[in-house]
Amino acid sequence: MSETFELEAVEVNLSPLERFEEFLQSRGKRVTQQRRIIVEHVFAGHEHFDADALVSQVQQQDPHRRVSRPTVYRTLSELVEAGLLRKMTLGSRSVYEHDYGYPQHDHLYCQQCEKLIEFHSDEVREICEAVARQHQFRVSGHRLIVLGTCPDCARPRRPKRRLDLV
């Protein structure tokens, strides 16, 4: 079994913004300044995020460049439809991550602090392919989210004593 679970880089021909512009044009939609701002923020780094966090981030970073909440939600849906983002529902929260230019990977999800840890495993992929062959199933991808508790949340907490409260 492989002991490295690191994600490898994937080369792409177009930038995320160019790919999104191409997608919008194919649908007869305009490439607006608000959409550009959203795409710039989403692809400036690689963190998992939700729509509310994105709205806050855009407003904090540049208060003069206003982006409405409905536009953020609509644009996130379009980015998912364009294959640039992947949406995951974890509990009652929807979280987004990069899909374009990012390798197939899976997640460990801490149910206490909601931390997501990404990993890649050839063994998981091979199991999925073997099961699919057995059922003559054509695989287009897979998504595995392992639920549990991260090391930080699993650490025993020292009980509070009355003297600690003084």
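Only the coordinates and a few stated rules stand behind these numbers; no lab work does. Since the structure is predicted, the reported quantities are computational estimates derived from the model, not experimental observations. Cβ: placed from backbone, ideal geometry, glycine included. Neighbour counts: every protein chain shown.
So how long is each side of region 12-102 along the principal axes, counting just the alpha-carbon atoms, biggest first, in Å?
The principal-axis extents, from largest down, are 32, 31, 21 Å.
What is the chain's relative contact order, in percent, from Cα pairs under 8 angstrom and six or more apart in sequence?
Over the chain, the number comes to 22 percent.
Roughly speaking, what is the centre-to-centre gap between region 56-90 and region 8-35 when only Cα atoms are used, to the nearest Å?
14
Could you go through region 76-83 in sequence order and give the Karplus-derived ³J(HN,Hα) for each residue, using 6.51 cos²θ - 1.76 cosθ + 1.60 with θ = phi - 60°, rounded to whole Hz, and x for Gly and Pro?
4, 4, 5, 5, 5, 4, 6, x
Determine the shape class of region 104-166: with a ≥ b ≥ c the square roots of the Cα gyration tensor eigenvalues, call it rounded for a/c under 1.5, and otherwise prolate if a/b is greater than b/c, oblate otherwise.
prolate
Please say if the chain is rounded, prolate or oblate, where rounded means a/c under 1.5 for a ≥ b ≥ c the square roots of the C-alpha gyration tensor eigenvalues, and otherwise the choice is prolate for a/b larger than b/c and oblate otherwise?
It is oblate, given that a/c is not under 1.5 and a/b is not larger than b/c.
With runs of 4+ DSSP H residues as the only contributors, calculate the mean residue ellipticity of the chain at 222 nm using -39,500 (n - 2.57) per run, divided by the residue total and rounded to the nearest 500.
After summing the helix terms and dividing by residue count, I get -11000 deg cm²/dmol.
State, as an integer percentage, the relative contact order of region 12-102 based on alpha-carbon contacts under 8 Å between residues 6 or more apart.
Computed value for region 12-102: 29 percent relative contact order.
Before anything else, pin down the relative contact order of region 82-142: Cα pairs under 8 Å, at least 6 apart, normalised by residue count, whole percent.
19
Name the residue from Phe119, Met88, Phe20 whose Cα lies farthest towards the positive end of the charge dipole of the chain, charges +1 on Cβ of Lys and Arg and -1 on Cβ of Asp and Glu.
Met88
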